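The values are calculated or read from the model by the stated rules, or taken from the named source; none is laboratory data. Note that the structure is predicted; figures quoted are calculated from it, not measured. Methodologically, a virtual Cβ is constructed for each residue, glycine included, from the backbone with ideal geometry; neighbour enumeration extends over all protein chains shown. The accessibility values were calculated without ligands, DNA or RNA, using every heavy atom of the protein model including side chains. Shrake-Rupley method; radii C 1.70, N 1.55, O 1.52, S 1.80 Å.
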Amino acid sequence: MLAFMQKVENGYIARFERNIKHSVEKVWALLTENDKLAKWFSELSVDDLREGGVIKFDMGNGTFEEMKILELQTQSVLEYTWAEDIVRFELYPEPEGCQLVLIEKITRITDHTPRDLAGWHVCLDVIIALLDGRTIDSRKEEWAKWYEKYVQAVAEVTEE
């Protein structure tokens, strides 16, 4: 399901929602434990898991972008900076597992925005696949399918 996008006072919000048939604890581990995090987003690593702590993004050229953790509520909320934007994961327990909400607070739309949104979309699909014991054969192919849809979604929200 495509992220819900809206224009807000200070930019835009993209909201992804996934109902997952696994516990909050299992999903939280994928978001915060480096060995599990690496399976769905190999460039990210948690350096210091606390408010004010750091998540690092490996730029692939020997340098790292440090992203500050803005809010942390264990097994509930993880929010950190993402360049000029903010990424927020929220987990809600449900009888059959949990709901995972990913909110990206976007300062300004760029040509890269649909790329990032398609990337997050595929990341969420990979998280669910990992929890279900499945693999996604080609993340690149999956990304390409969603990229065009996010180009359209971004175009629609910026026309408003």
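The residue list E65, E79, E142, E104 contains one member that is in a strand (DSSP E or B) and open to solvent by 40 Å² or more (accessible area, probe 1.4 Å), which is E65. For A153, the test of being over 22 Å from L31 (Cβ atoms), in contact with a strand residue (DSSP E or B) (Cβ under 7 Å, 6 or more places away or on another chain) and of a type outside the set (K, R) is passed. Checking each residue in the range 30-48 for being in contact with a strand residue (DSSP E or B) (Cβ under 7 Å, 6 or more places away or on another chain) and among the hydrophobic types (A, V, I, L, M, F, W, C) picks out L31, L37, L44, V46. Taking the listed residues I136, I109, the one that is assigned to a loop (DSSP other than H, G, I, E, B), open to solvent by 20 Å² or more (accessible area, probe 1.4 Å) and in contact (Cβ under 8 Å) with a residue 40 or more places away in the chain is I109, with no other qualifying. Residues in the range 37-55 that are without any contact (Cβ under 8 Å) to a residue 24 or more places away in the chain and either among the hydrophobic types (A, V, I, L, M, F, W, C) or open to solvent by 70 Å² or more (accessible area, probe 1.4 Å) (or both): 11 in all.
D58 meets each of the listed conditions (1) open to solvent by 10 Å² or more (accessible area, probe 1.4 Å); (2) out of contact with any Phe, Trp or Tyr (no Cβ under 8 Å at 6 or more places or on another chain); (3) farther than 23 Å from K7 by Cα apart from (2).
Any residue in the range 49-58 that is aromatic (F, W, Y) and assigned to a loop (DSSP other than H, G, I, E, B)? No - not one qualifying residue is present in the range 49-58. Within the range 3-10, is there a residue that is charged (D, E, K, R), within 25 Å of E142 (Cβ to Cβ) and either at pLDDT 95 or above or not in a strand (DSSP E or B) (or both)? Scanning the range 3-10 turns up no residue that is charged (D, E, K, R), within 25 Å of E142 (Cβ to Cβ) and either at pLDDT 95 or above or not in a strand (DSSP E or B) (or both). Within the range 5-19, does at least one residue satisfy the condition of being without any contact (Cβ under 8 Å) to a residue 12 or more places away in the chain and crowded, with 16+ Cβ neighbours inside 10 Å? The answer is no, given that none of the residues of the range 5-19 is without any contact (Cβ under 8 Å) to a residue 12 or more places away in the chain and crowded, with 16+ Cβ neighbours inside 10 Å. Can we say Y92 is assigned to a strand (DSSP E or B), of a type in the set (F, W, Y) and open to solvent by 70 Å² or more (accessible area, probe 1.4 Å)? The answer is yes for Y92.
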